[in-house]
1. Looking only at region 58-74, count how many residues are open to solvent by less than 80 Å² (accessible area, probe 1.4 Å) and under 29 Å from the mean Cα position of the chain (by Cα).
2. Among the residues of region 30-61, how many are part of a helix (DSSP H, G or I) and of a type in the set (Val, Ile, Thr)?
3. So which residues in region 62-88 are of a type in the set (Val, Ile, Thr) and assigned to a helix (DSSP H, G or I)?
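The values are calculated or read from the model by the stated rules, or taken from the named source; none is laboratory data. Because the structure is a prediction, the values reported are computed rather than measured. SASA here: full protein model, heavy atoms, side chains in, ligands and nucleic acids out. Shrake-Rupley method; radii C 1.70, N 1.55, O 1.52, S 1.80 Å.
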Amino acid sequence: MASIGTKITTFINAAKAQARPLFDEFMYYAKVELTPPTPADFKHFREQAAKSAKSMKKDLKSSGNRLRSTTVSEAWLNTLVTIEVITWFFMGEVIGRRHLVGYKV
């Protein structure tokens with residue numbers, strides 16, 4: 001009976017030694033990534049939002065020309081891809097419900 005206790009103790013100590021580096025790495029990233037934002041971070045967020053808003057406005061102004069220059073084959077391909085995405089969405093809904101028409105109540 002005493003040998004089982006020593007084997008369990010040895011196993012637990014070995015598991016601790018093996019898991020320690022992984023736990024230390026987890027704690028490092030948890031401290032870095034899970035800290036709440038500081039006021040300086042909010043200033044950075046506002047600057048990034050302003051930059052992205054400017055680039056979105058620029059893209060919207062230039063997108064009119066891209067829409068006019070789309071060929072028929074590109075438009076057809078975009079239509080087929082859209083139909084495929086919508087079909088897979090509805091197939092996923094049916095699979096998730098496990099019923100073709102609606103939820104079983």
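1. The total comes to 1.
2. 1
3. 72, 79, 81, 82, 83, 85, 86, 87
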